[in-house]
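To keep things clear, I will list the structure first and then write my remarks on it.
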């Protein structure tokens, strides 16, 4: 019989299928977050093994981490030489050592080769076996900011150890959100088809101001753009997202814009920085209006003079003829052949490398799922969650590159 916790295994995807992750927990109050972290990694089909220092056991009981991982927790090194079993240079070794949270004390010990806790023993062994290591710091900001800790972190980075966070807030260097840790794990263990690439993504709706209060906009939620940015980051890219919204991922640069003009200015400004790929998933306004400086009166007829806005994708192509470009085309209630032909025509006219067609008359806009056709030389039909659609789009990009 399997542990009941493992009933959730793979419920969010199989990106970590067959991957063995050793989750080390040290004596920070952020240890309470590791229960959620372990379970989230399992939802991506990882096998998670817990290791706890004695100080960590004063904050959460080993039973809690046992429940979260579905496995007995390592709380001491025994005759089974658990550190060698999991992190030694041998067949079946772990794919990743994740220390979350990690205290200043543990960072210092790893950096100086001091090996006197279960976690530092695992870290020393993993370093010797060249197993990837990710550290998620958590401590008071005054501790994090002191120069010796900074030197220790730099030394570990030079050894190839990755750091995620911390998030500085309320005088503390807090452990970052669980999802930030998860996407760094996914990035570390994924096939990095976009390693070394700079990717610019636009997403969501823009808004044209009518007066200081009212706007013209559309129903786009920005979910597709966000998922494309997330997936490109996981595949190894350096990603910037331009949107009318905030990005929940600390490792993805977010540029907030509102109007079509602001989005155009931001995109054209960013593209001066030698990006490799531009993905235009935003539903950019086709029209704007002359904005009133004062609130327009209510309760009476109002006529708006809509002025067309130049297509951003066409401007980008004119200025960057060699850039790898992807764009989306939406239609409503048209036959499949018409949808594909119109999108292919746009692709050829603008010289896009890849285009994505969807009929929003059948749903999709503002929703969690969609049905699209990914058009290169071939046509690939994808229907399902937008996260899965983003994976297929990035697959197509990687395949072409």
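The values are calculated or read from the model by the stated rules, or taken from the named source; none is laboratory data. If you're wondering where the values come from, they're calculated on a predicted model, not measured in any experiment. Note: ideal-geometry Cβ built from the backbone for every residue, glycine included; neighbour counts use all protein chains shown.
Listing for the model above:
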| item | result |
| --- | --- |
| Residue match in segment 95-116 (condition: under 30 Å from residue 7 (Cβ atoms), surrounded by fewer than 24 Cβ atoms within 10 Å (Cβ to Cβ), at pLDDT below 95 and assigned by TED's automatic domain parsing to the domain that holds residue 53) | no |
| Any pair with Cβ under 7 angstrom, 6 or more apart, that starts in segment 27-48 at a residue that is at positive phi and ends at one that is surrounded by 24 or more Cβ atoms within 10 Å (Cβ to Cβ) and assigned to a helix (DSSP H, G or I) | none |
| Any chance residue 358 is in contact (Cβ under 8 Å) with a residue 40 or more places away in the chain, assigned by TED's automatic domain parsing to the domain that holds residue 381 and surrounded by 13 or more Cβ atoms within 10 Å (Cβ to Cβ) | no |
| From the options 239, 181, residue that is at pLDDT 95 or above, assigned by TED's automatic domain parsing to the domain that holds residue 19 and buried (at least 20 other Cβ atoms within 10 Å of the Cβ) | 181 |
| Residue satisfying condition, being farther than 18 Å from residue 175 by Cβ, assigned to a helix (DSSP H, G or I) and at pLDDT 95 or above, within set 35, 42 | 42 |
| Helices (runs of 4 or more DSSP H) enclosed by segment 51-166 - at least 2 residues per element that are within 26 Å of residue 9 (Cβ to Cβ) and touching a helix residue (DSSP H, G or I) at 6+ places or on another chain (Cβ under 6 Å) | 62-69, 82-87, 118-128 |
| Evaluation of residue 283 against (1) under 27 Å from residue 350 (Cα atoms); (2) surrounded by fewer than 20 Cβ atoms within 10 Å (Cβ to Cβ); (3) touching a residue at least 60 places away in the same chain (Cβ under 8 Å) (one fails), failing number | (2) |
| Among (1) modelled with pLDDT of 90 or more; (2) loosely packed, with under 13 Cβ neighbours inside 10 Å; (3) more than 26 Å from residue 237 (Cα to Cα), the one test that residue 340 misses | (2) |
| Given (1) at pLDDT 95 or above; (2) crowded, with 16+ Cβ neighbours inside 10 Å, number of the condition residue 251 does not satisfy | (1) |
| Residue list for segment 4-21, restricted to those being over 25 Å from residue 91 (Cα atoms) and over 19 Å from the mean Cα position of the chain (by Cα) | 4, 5, 7, 8 |
| From 18, 27, residue being surrounded by 17 or more Cβ atoms within 10 Å (Cβ to Cβ) and in a loop (DSSP other than H, G, I, E, B) | 27 |
| Single condition residue 109 does not satisfy, out of (1) without any contact (Cβ under 8 Å) to a residue 24 or more places away in the chain; (2) more than 26 Å from residue 167 (Cβ to Cβ) | (2) |
| Identity of the residue in segment 76-87, buried (at least 18 other Cβ atoms within 10 Å of the Cβ) and under 32 Å from the mean Cα position of the chain (by Cα), that ends up farthest from residue 123 (Cα to Cα) | 86 |
| Condition met for residue 334 (more than 26 Å from residue 210 (Cα to Cα), at pLDDT below 90 and in contact with a strand residue (DSSP E or B) (Cβ under 7 Å, 6 or more places away or on another chain)) | yes |
| Pairs, first within 16 Å of residue 296 (Cβ to Cβ) in segment 201-217, second at pLDDT below 90 and assigned to a strand (DSSP E or B), C-beta under 6 Å, six or more apart | 208/216 |
